[in-house]
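Undergrad: Attaching a single structure in structure tokens format; questions to follow.
The values are calculated or read from the model by the stated rules, or taken from the named source; none is laboratory data. Model, not experiment: these values are computed from the prediction. FYI the Cβ positions are ideal-geometry reconstructions off the backbone, even for glycines, and counts take in every protein chain you see.
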């Protein structure tokens with residue numbers, strides 16, 4: 001299990017119990033550095049039977065995505081022309097909710113935000129989440145199903161007025177079970193013309209949570225503006241818990257290898273973390289206008 005061994009510092013020893021034929025994850029034992037964080041992902045790996053989830057969580061630590069000056073994505077959107085580093089959105093007008101005021105982690109003048117300083121919604125609420133991935137080769141489809149509830153603990157929503165997060169984000173919604181059922185191509189092909197993104201689900205991640213696009217209801221960089229919980233999620237007005245970006249507990253922002261598979265977009269293509277070959281951080285210039293690349 002070389003991926004479970006840090007490039008520097010103490011090693012994390014990992015023992016996996018797999019079903020021989022399917023390689024489904026049945027259980028694991030772990031000792032060493034970062035074990036307390038990584039073991040949380042064992043529950044996801046066992047529930048889903050996906051080995052890649054656990055390997056991602058056990059990735060080696062190194063320099064990685066700059067956390068204190070992340071480029072702010074405000075203004076990088078279009079309704080007409082796909083562009084590298086921009087969101088092609090189906091929605092032209094943004095008059096919704098979202099964060100009520102900028103947090104101190106935002107530097108709008110410099111066009112950056114600081115992940116290290118950003119606060120999270122308090123709470124450690126567990127849900128009876130379910131998420132399955134079924135492959136139907138005869139129909140050439142992959143079926144993603146679940147109840148929309150997170151497999152990992154979430155924050156307490158609605159955000160209480162005693163929570164420091166309330167000063168910046170008054171999210172009044174509560175997390176509800178929402179049926180998730182999508183059939184996506186098993187072997188997707190690139191479209192001739194990119195399709196715009198709606199403001200609802202655009203993918204499903206391995207923690208059982210749907211992925212929305214990168215914009216909040218005001219058309220801003222959701223990951224920077226909205227106060228999320230420690231798992232980088234929150235509910236919208238119907239109660240659907242969702243992510244706007246791949247959370248770090250699924251795809252660490254540091255490592256020595258390419259990020260592993262953490263979900264599927266609704267067009268069938270796999271969703272991966274921010275690291276390319278050799279653990280190099282991917283920049284906009286490394287990706288196409290649909291934020292993807294090939295090897």
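Undergrad: Looking at residue 187, is it touching a residue at least 60 places away in the same chain (Cβ under 8 Å), in a loop (DSSP other than H, G, I, E, B) and touching a strand residue (DSSP E or B) at 6+ places or on another chain (Cβ under 9 Å)? Let's see the steps before the verdict.
TA: Values: touching a residue at least 60 places away in the same chain (Cβ under 8 Å): yes; in a loop (DSSP other than H, G, I, E, B): yes; touching a strand residue (DSSP E or B) at 6+ places or on another chain (Cβ under 9 Å): no.
It is false that residue 187 is touching a residue at least 60 places away in the same chain (Cβ under 8 Å), in a loop (DSSP other than H, G, I, E, B) and touching a strand residue (DSSP E or B) at 6+ places or on another chain (Cβ under 9 Å).
Undergrad: Residue 162 passes all but one of (1) out of contact with any helix residue (DSSP H, G or I) (no Cβ under 9 Å at 6 or more places or on another chain); (2) farther than 29 Å from residue 292 by Cβ; (3) in contact (Cβ under 8 Å) with a residue 12 or more places away in the chain; which number fails?
TA: Condition not satisfied by residue 162: (3).
Undergrad: Could you say whether any residue in region 177-187 is more than 17 Å from the chain's Cα centre (by Cα) and closer than 28 Å to residue 100 by Cβ? Don't jump to the end; show me each part of the working.
TA: Taking region 177-187 as the starting set, the residues that turn out to be more than 17 Å from the chain's Cα centre (by Cα) are 177-179, 181-187.
Adding the requirement that they be closer than 28 Å to residue 100 by Cβ leaves 177-178.
Yes, that holds for at least one residue.
Undergrad: Please verify whether residue 262 is out of contact with any helix residue (DSSP H, G or I) (no Cβ under 6 Å at 6 or more places or on another chain), in contact (Cβ under 8 Å) with a residue 24 or more places away in the chain, within 28 Å of residue 156 (Cα to Cα) and buried (at least 22 other Cβ atoms within 10 Å of the Cβ), treating the condition exactly as stated.
TA: Against the criterion (out of contact with any helix residue (DSSP H, G or I) (no Cβ under 6 Å at 6 or more places or on another chain), in contact (Cβ under 8 Å) with a residue 24 or more places away in the chain, within 28 Å of residue 156 (Cα to Cα) and buried (at least 22 other Cβ atoms within 10 Å of the Cβ)), residue 262 qualifies.
Undergrad: Another question, then. Identify all residues within region 79-115 that are under 25 Å from residue 202 (Cβ atoms), in a loop (DSSP other than H, G, I, E, B) and in contact with a helix residue (DSSP H, G or I) (Cβ under 8 Å, 6 or more places away or on another chain); write none if there are none.
TA: 84, 85, 98, 99
Undergrad: Report every pair of residues separated by at least 6 positions or lying on different chains whose Cβ atoms are under 7 Å apart, first residue within region 272-283 and without any contact (Cβ under 8 Å) to a residue 12 or more places away in the chain and on the phi > 0 side of the Ramachandran plot, second part of a strand (DSSP E or B) and crowded, with 19+ Cβ neighbours inside 10 Å.
TA: Between residues of region 272-283 that are without any contact (Cβ under 8 Å) to a residue 12 or more places away in the chain and on the phi > 0 side of the Ramachandran plot and residues that are part of a strand (DSSP E or B) and crowded, with 19+ Cβ neighbours inside 10 Å, there is no close pair.
Undergrad: From (1) assigned to a loop (DSSP other than H, G, I, E, B); (2) over 11 Å from the mean Cα position of the chain (by Cα), pick out the condition that doesn't hold for residue 250.
TA: (2)
Undergrad: Could you figure out which of (1) touching a strand residue (DSSP E or B) at 6+ places or on another chain (Cβ under 6 Å); (2) over 17 Å from residue 211 (Cα atoms); (3) assigned to a loop (DSSP other than H, G, I, E, B); (4) modelled with pLDDT under 95 isn't true of residue 135?
TA: (3)
Undergrad: Looking at the structure I just gave you, is residue 129 part of a loop (DSSP other than H, G, I, E, B) and touching a helix residue (DSSP H, G or I) at 6+ places or on another chain (Cβ under 9 Å)?
TA: Details: part of a loop (DSSP other than H, G, I, E, B): yes; touching a helix residue (DSSP H, G or I) at 6+ places or on another chain (Cβ under 9 Å): yes.
Criteria met by residue 129.
Undergrad: Among the residues in region 59-73, are any at pLDDT below 90, surrounded by 13 or more Cβ atoms within 10 Å (Cβ to Cβ), on the phi > 0 side of the Ramachandran plot and not in a helix (DSSP H, G or I)?
TA: no
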